[in-house]
1. So which residues in the stretch 85-107 are of a type in the set (Gly, Ala, Ser), in a strand (DSSP E or B) and surrounded by fewer than 19 Cβ atoms within 10 Å (Cβ to Cβ), if there are any at all?
2. Taking the conditions exactly as written (open to solvent by 50 Å² or more (accessible area, probe 1.4 Å), assigned to a loop (DSSP other than H, G, I, E, B), modelled with pLDDT of 95 or more and not small (Gly, Ala, Ser)), does Asp154 satisfy them or not?
3. Do you know which of the residues in the stretch 186-208 that are of a type in the set (S, T, N, Q) and at pLDDT 95 or above is farthest from Val241 (Cα to Cα)?
4. Determine which single condition Ala56 fails, assuming it passes every other condition in (1) surrounded by 17 or more Cβ atoms within 10 Å (Cβ to Cβ); (2) more than 16 Å from the ligand (Cβ to nearest atom); (3) on the phi < 0 side of the Ramachandran plot; (4) small (Gly, Ala, Ser).
5. Does Ala204 satisfy the criteria of being within 24 Å of Gly238 (Cβ to Cβ) and within 13 Å of the ligand (Cβ to nearest atom)?
6. Could you tell me which residue of the stretch 157-185 is surrounded by the fewest Cβ atoms within 10 Å (Cβ to Cβ), considering only residues that are aliphatic (A, V, I, L, M) and over 15 Å from the mean Cα position of the chain (by Cα)?
7. Pick out the one residue from Phe231, Phe235 that is hydrophobic (A, V, I, L, M, F, W, C), at pLDDT 95 or above, surrounded by 17 or more Cβ atoms within 10 Å (Cβ to Cβ) and within 19 Å of the chain's Cα centre (by Cα).
Amino acid sequence: MSSVMSPVVNVAMSAIDVTIRPCASHRDLQTCVELQRRVWNFSDADIVPAALFVVAQHTGGHAYCACDGGRAIGFALAFAAWRGGSRYWHSHMVGVLPEYQNHGVGRLLKLYQRDEALRSGIDAIEWTFDPLESRNAYFNIMRLGAIARHYLPDCYGATTSPLHGSLPTDRLLIEWPLRARRVESAISGRSGGSYSFENAQHIAVPSAVGEWKTGDPERARQVQSGLRRKFTDLFSRGYAVTGFRRGDENCEYVLEPYED
Ligand SMILES: CC(C)(COP(=O)(O)OP(=O)(O)OC[C@H]1O[C@@H](n2cnc3c(N)ncnc32)[C@H](O)[C@@H]1OP(=O)(O)O)[C@@H](O)C(=O)NCCC(=O)NCCS
């Protein structure tokens, strides 16, 4: 179905044998639709239908799936995008089945996206994520070397996913400049974030807040309001998120003055 001749990448991990490849049939795309139900628990109202995956593939974006043997366990969906005279990809969704999470599959999908982007002459990918999700923060900032400097309040409006709770869907816009040294350093295993700047700023976030979204939404909402205020203020003063520290009680976003 994809018009781009993308390779199939096979990686043997400890207990699973992961293959990443472009979705090649309507059946593949339907599987991505089903994966959304398992990963986000979306109701039909919020599911991205197979037709939009087709549109993404036909307009310069892509749909990739990650398979363990014959079983699809994750996918990536991205749209072609254009800003300020430059082409880039907007990666709308990357999801991995809960029982396969934290085994490196998400990272493989992102690295495959990066390789394919560079092969296609694209050197930037963007996506959004919820700053209350420490795993996603760590994954995006530290494992991939991406940065964030835009805060999008209630980006998607209300959704039906329990992962989003009943909160406004505030998001950080992630920028992944694929050829940047910080990205190369992060994906090769060296830290993507530097904490050495004298004037770095820090924004703390309770490590448990992701769980509060469903268990104690009011408490999560208060944390979200605080983050919205602090990020908006620092971004307006030219800072970008360049690091993320994990902790048992609290995690911490690290922001530095940032210029392209
Ligand atoms: C986000 C997602 C795609 C990542 O895929 P994955 O296969 O779990 O990712 P990886 O295993 O490659 O990397 C996850 C990293 O987060 C780390 N991590 C796990 N839980 C964490 C936590 N609570 N806080 C901080 N880091 C955490 C893991 O240790 C791992 O890092 P490591 O490789 O240094 O050990 C997947 O978790 C997912 O589908 N989540 C639900 C849907 C979603 O949020 N999608 C993204 C927005 S569209």
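1. Of everything in the stretch 85-107, just one residue is of a type in the set (Gly, Ala, Ser), in a strand (DSSP E or B) and surrounded by fewer than 19 Cβ atoms within 10 Å (Cβ to Cβ), namely Ser86.
2. yes
3. Ser207
4. (2)
5. no
6. Going through the qualifying residues, I end up with Ala158.
7. Phe231
Residues are listed down the side, and each one gets a yes or a no for (1) within 26 Å of His202 (Cα to Cα); (2) among the aromatic types (Phe, Trp, Tyr); (3) in contact (Cβ under 8 Å) with a residue 40 or more places away in the chain:
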| residue | (1), (2), (3) |
| --- | --- |
| Tyr100 | no, yes, yes |
| Gly121 | no, no, no |
| Glu126 | yes, no, yes |
| Asp130 | yes, no, yes |
| Ser134 | yes, no, yes |
| Pro162 | no, no, yes |
| Leu178 | yes, no, yes |
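The values are calculated or read from the model by the stated rules, or taken from the named source; none is laboratory data. Since the model is a prediction, treat every value here as computed from it, not as a measurement. Because the Cβ atoms are built from the backbone with ideal geometry, glycine has one as well, and the counts that use them run over all protein chains shown. These area figures cover heavy atoms from the full protein model, side chains too; ligands, DNA and RNA do not enter into them. Shrake-Rupley method; radii C 1.70, N 1.55, O 1.52, S 1.80 Å.
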